[in-house]
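Remarks on the structure that follows.
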Amino acid sequence: MPLAPVDDNGTVLFYEDSGIPDVNRAYTTLVLIHGITYNSDIFGKLVPFAAQYHLRLIRVNQRDYHPSSLFTTSEIEEFTSTDKVTQSLGVRKRGVEIANLLVHLIDTLNLPPISVGGDEKLGGISVLGWSMGAHLPIALLGSASTLSDQVQQRLQSYLRSTILFDPSMFPVGVSIPPIVFTSDRPKGLYWPFFDTSISLEERVQRFGPWVSSYYEPTEDISTVTLEKLGKRSPVQDLTEDTFSALSIEPWKKAMTLDRIPPDELTAMSSIEATARYPGTLGNLDPSVNRGILRHALGLDDPLLGSVGTPLVWPECKVVLVWCDMTLVDCTIASATLVKLLSTEGSNVKRKVEVQRLIGANHFPHWDEPEKVVSFLAGQI
């Protein structure tokens, strides 16, 4: 069982490796970090397509997802502290863990560094965080200045990009608006596991349809408002005329989780980790996550102070991938980040690219894996 040590306290992260795609050609290593509830098996359908796009996939289980280490009592105390600076320290430590994971992978797997062949950049590492997991590539960049010179220099010749893949609200520091109910069905921006008016079992039942349905497409992420998205419907609720006019594939009327075989869904799900989330990273004040994000982008922050100069890993870009048929939570997150980039303009020191994944809900890596691998190969 591959376990990477990521600190001096016995903390480990579990990972699975797709292997070298072609011994005769340079390849890029793509580290994949899952979100809440579903572990790294959610990326399993990408593996068969990796080699043809010259990618080596490393699928990582986050902390709290077996067999990676659980959060310790002292770490949870940092997340739940009333002091925001203490909370931010807890987040930065997760970024340091990812940096140490990368160093371990480089040394253990003999990963190739970045090289240039003609007009093509080869080798190196890209770190992708999906959904809630986007907080880890953000924390990696946001904590870079706190790393030892040795780790900074070790990763300098490897780290080529971080990808925020359909991020959720929490990693970018968006607060949860009030829950709105219409009859028995939640409407608007809603997070089932924070709805204390219903039982845990009911939250689990509501989570699946909410997170894995296809919603009416968003055409322009820069014009998104909460009011507009609150009125948006899952495509299975559309009239036949509206559905036909949008030219949506019929199979998208079903939510993704209905297409995952029950035994595989059980193996990749951790309700226990999900239930613990509100008392760990889910407890963070939004301003803490905003501050870490701003530092990741090379921006000073009112809470965390100056980002410092020079920027660590200045050639490492950030790629925001927004899925245009995803749930409202993630659409708001991407729209918030796009607005921040527009507002700050040239103050943003790190290169950021914004890419739309057309026709994708929150689980395109399961529903259309080859499309996703091809897409990601063009972004890293």
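State the Cα centre-to-centre distance between segment 239-262 and segment 120-156 in whole Å.
36 Å
Quick one: compute the contact order of the chain, relative version, from alpha carbon pairs under 8 angstrom and 6+ residues apart, as a percent.
The value is 21 percent.
How would Leu32, Leu357 line up from fewest to most surrounding beta-carbon atoms within 10 angstrom?
Leu357, Leu32
Just want to confirm a number: the relative contact order over segment 200-290, from Cα pairs under 8 angstrom separated by 6+ residues, in percent.
Answer for segment 200-290 is 31 percent.
Helix-derived [θ] at 222 nm for the chain: sum -39500 (n - 2.57) over DSSP H runs of at least 4, divide by residue count, nearest 500?
Estimated from H runs of four or more residues: -10000 deg cm²/dmol.
If you rank Trp313, Trp322 by fewest surrounding Cβ atoms within 10 Å, what's the result?
Trp313, Trp322
When only DSSP loop residues count, what trypsin sites (Lys or Arg not before Pro) in segment 1-69 have their Cβ near at most 16 other Cβ atoms within 10 Å?
Qualifying residues, ordered by number: Arg25.
Straight-line reach from Lys231: which lysines have Cα under 23 Å away, leaving out those fewer than 8 places along the same chain?
Lys187, Lys252, Lys253, Lys339
Among [x] 26; [y] 61; [z] 32, which is the computed percent of Cα pairs over 33 Å apart?
So the structure-derived entry is [x].
Who wins for biggest fluctuation among Thr242, Thr326, Thr256 in a Gaussian network model of the chain, springs between alpha carbons below 10 Å?
Among Thr242, Thr326, Thr256, the largest mean-square fluctuation in the Gaussian network model of the chain belongs to Thr242.
FYI, it's all coordinate maths here, none of it is from the lab. The shown structure was predicted, so the numbers you read here are calculated from the model rather than taken from an experiment. Counting neighbours? That spans all protein chains shown, and the Cβs are built from the backbone with ideal geometry, glycine included.
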